[in-house]
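Reviewing the structure listed below.
The values are calculated or read from the model by the stated rules, or taken from the named source; none is laboratory data. Quick caveat, the model's predicted, so the values are computed rather than measured. Here the Cβ is made from the backbone with ideal geometry for all residues, glycine too, and neighbour counts use every protein chain on show. With ligands, DNA and RNA removed, areas are computed over all heavy atoms of the protein, side chains included. Shrake-Rupley method; radii C 1.70, N 1.55, O 1.52, S 1.80 Å.
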Amino acid sequence: MRFKMQYKRKICKFCENKEVPVDYKNSSTLKRFLTEEGKILPRRITGTCASHQRQVVTAIKRARNIALIAYSADVKNV
Amino acid sequence: MRNYECLFIANPNIEGDGMSSVVEKVTAYVKEAGAEVANIQHWGKRRLAYQIEKQQYGNYVLMYINGEAPKIVDLQRSFELDSTILAYLTIRLDEMPEFDKVFIPEDDGEEDRRGGRSRYEGSRGKYGSSAPTGPEGKAPVKDVVLEEDEEDDVEMDVDVDADADVDLVEIEDEDESVAENDDDTEELKSDAKIDTESDALDDDNSDDDSDDDSDDDIESEKK
């Protein structure tokens, strides 16, 4: 049997699928990069590459501004 | 001339013809400011992620504008003064998109509230998977419990094999395709080790790996 070290390498979702734009309007995709509380997930968890992470962060902040994404989870309704 | 994208939320109590008059008013603002409206798209009434001026819903309208920066500032000022507009967001674009292909999100606000954790069904733990996973996400808990017995037996065998290399987490070449599926799920080293073992199993059993993974999670918690 051949063996080799296994690296759990995560691949940036946006590099993987280039058709998906990093856009503040695409709130359903952006929600994957948030915790349930609505905090932005770090790169080490999501595996997003550096340049896309920067885009994701600005997109999330824009989406929050225009009420597409909540700033924090609504405790009453969750 | 620069390209701008402007998304604004109008009061939800405006219905039918009211909205078209609001849009006319806004286009008038744009012209007053000396800019041009290139395209307008109505998203309709959507649930807001949080209340704005005590409103739960809002009429979203997306506009594409050509104009100079000072004029856009004027436009924003008229938005600010208009009481029917709850919120607005203006963004400078490098180039105009194709208007037909502009992404319009579905209104998933309602489901999120009612379903609570529904969109995180596929995830395990707080930082679990970042993406909701398809088929395995809704695997009923019962199945997991039922299969546990078989799992235990097989895993014993594998443990004997794995004893040969205690420190290294090793795995066969072919497992990569299987391993990709649970990229996000395991963060802990202990999990990872169990994971590789079960992956090795998959080759023998040619099972669907999704159920195995959820088993692993349960077992690691026990340990």
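The table below gives the values:
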| read-out | value |
| --- | --- |
| Filtered residue count, segment B:49-73, keeping only those that are under 18 Å from B:PHE103 (Cα atoms) and of a type outside the set (Val, Ile, Thr) | 5 |
| Test: residue in segment B:14-24 that is surrounded by 14 or more Cβ atoms within 10 Å (Cβ to Cβ) and within 14 Å of another protein chain (Cβ to nearest Cβ) | no |
| Within segment A:40-52, considering residues that are in contact (Cβ under 8 Å) with a residue 24 or more places away in the chain and on the phi < 0 side of the Ramachandran plot, the one nearest to the other protein chains (Cβ to nearest Cβ) | A:THR46 |
| Test: B:TYR88 is within 14 Å of another protein chain (Cβ to nearest Cβ), modelled with pLDDT of 90 or more, open to solvent by 30 Å² or more (accessible area, probe 1.4 Å) and assigned to a strand (DSSP E or B) | yes |
| Positions within segment B:30-84 being in a helix (DSSP H, G or I), open to solvent by 40 Å² or more (accessible area, probe 1.4 Å) and of a type outside the set (A, V, I, L, M), in sequence order | B:LYS31, B:GLU32, B:PRO70, B:LYS71, B:ASP74, B:GLN76, B:ARG77, B:GLU80 |
| Top-ranked residue in segment A:16-39 [being open to solvent by 50 Å² or more (accessible area, probe 1.4 Å) and either outside any loop (DSSP other than H, G, I, E, B) or touching a Leu at 6+ places or on another chain (Cβ under 9 Å) (or both); ranked as nearest to B:PHE8 (Cα to Cα)] | A:SER28 |
